[in-house]
Structures are given as structure tokens and as C-alpha cells.
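Please treat every number below as a calculation from the coordinates, not as lab data. None of these values were measured; they are calculated from a predicted model. Neighbour counts are summed over all protein chains in view; Cβ atoms, including those assigned to glycine, are modelled from backbone coordinates with ideal geometry.
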Amino acid sequence: MQKEIIVIIGGPGTGKTTIIDGLVAKGHCCYPEISRELTLEAKKQGIEQLFLEKPLLFSELLLEGRKKQFQNASNEPHEVVFIDRGIPDVLAYMHYIGDSYPATFDAACREHTYSKIFILPPWEEIYISDDERYENFEQAKLIYNHLTETYQNYGYELIEVPKDTMDNRILFILDEISK
């Protein structure tokens, strides 16, 4: 079987991390979202919101981290690897804030292609803000739209995960990848 690198995307607060944690608990190989690590590291250096204060620097660090995740996933012995957010997410967020980025960002999206993309729709009932998630629900919906558009621009067919229990969402994803 060919290696499958599967990305789970969605705006903030849609349940991505919960699903990744659930997949890990079921024994699947998963890579976590790395933007929180970058944000926490920047806070240690006195930068309260790296993405808001230095969006291009944050995005460059994120792009490098996501490219590294892709390489690591490619070398995993597992046939299927799940990743919480992919490389095109970086561009979608730059579009969201209206910032420009170097051509290398676009090249990275073209050079690293994923097997399947699952997208989680905005879901107000489960949406929670926290120290690393500064967006409100309306902004989360806009980010969702930018994610959809960006991934589709790179030729991906997005598979929308229904709003349901974590277990049912995981079953939906596992069923879709076995097709």
C-alpha cells in the first residue's frame, strides 16, 4: 500500500486536536498542530502574539515546521499518518490577515502533496477561545472560508467531517480512508 499522509483542517475551535488525540488513543500515527508550540516559545521570549506581531516570521517558522512534519511523515513506517493542519494552512492564514508572502510558500504547497484532506466545519456549540486562540467565532468562519479556498486552489477535494461525537467523527474519517 502506498503511504497516505492525511491532513485534518478547519478553522479554530472545530475539534481538530480532539480528533487527533482520539486517533492517537486508537493507535494511529498522528502529528500534532505546531502553531501552539511556536506561540508558547515566542511568549517565553516576550512576544505576546507572534502571529499578530510578526506574521511573516511566524508563518516562515510554521512553514518550516510543517515541511519537516511532512518529511517525517513520509519516513514513518506506518502506512497512514494523520497531521493536524497542512502546509496550505499557512497561506490561508496569510490570506486571512491580508498579508503577502514569498513565492517559496506557494512552491512548498506544490512540492508537498497530501493524500486526503478532511475539513471540519465551524461549530459554534463547541467553539472555545483560549490563550493561544485569539479569534472569535465570526473570525473562525472567515478562516474556514480561506482554508477551503486555499486547499481547493491546490487541487484538493475536501472531505467535510460531519458535526457529531468525537468517536463518530473518527469512524467517518477511518471509513473514508478505507474506500
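How high is the relative contact order of the chain, in percent, counting Cα pairs under 8 Å that sit 6 or more residues apart? Write down the numbers at each step before the final one.
Numbers: 257 pairs, mean separation 62.0, N = 179.
For the chain, the relative contact order is 35 percent.
Can you count the Lys pairs in the range 4-177 with C-alpha separation below 18 Å, eight or more apart or on different chains?
Values: K16/K26; K16/K116; K16/K141; K16/K163; K43/K54; K44/K54; K67/K116; K141/K163.
Within the range 4-177, the lysine pair count is 8.
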Each label point is 7 Å from the Cα along the Cα-to-Cβ direction; what then is the distance between the points at D99 and N153, in nm?
1.6
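How long are the three semi-axes of the equivalent ellipsoid for the range 24-110, computed from the Cα gyration tensor as the root of 5 times each eigenvalue, in whole Å, largest first? Walk me through the numbers on the way to the answer.
Numbers: eigenvalues 122, 57, 20 Å².
Value: 25, 17, 10 Å, ordered largest first.
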Would you mind getting me the FRET efficiency between F137 and R36? Use the beta-carbon distance for r and R0 = 22 Å, nearest 0.05.
0.70
Kirkwood Rh, angstrom, the range 100-179 [1 / mean 1/r, Cα pairs]:
14.8
The residues R169, R66, sorted from fewest to most surrounding Cβ atoms within 10 Å, come out as R169, R66
When the chain is fully extended, how far beyond the present Cα-Cα distance does E48 get from K163, taking 0.36 nm per residue of separation?
38.1 nm
With only alpha-carbon atoms in the gyration tensor, what are the semi-axes of the equivalent ellipsoid for the range 4-177, in Å, largest first?
23, 19, 16
Within the set I34, I83, I143, GNM on the chain using Cα springs under 10 Å gives the largest fluctuation to I34
Going by amide H atoms built from the backbone, whose H comes under 5 Å of the H on G10, apart from near neighbours?
L120
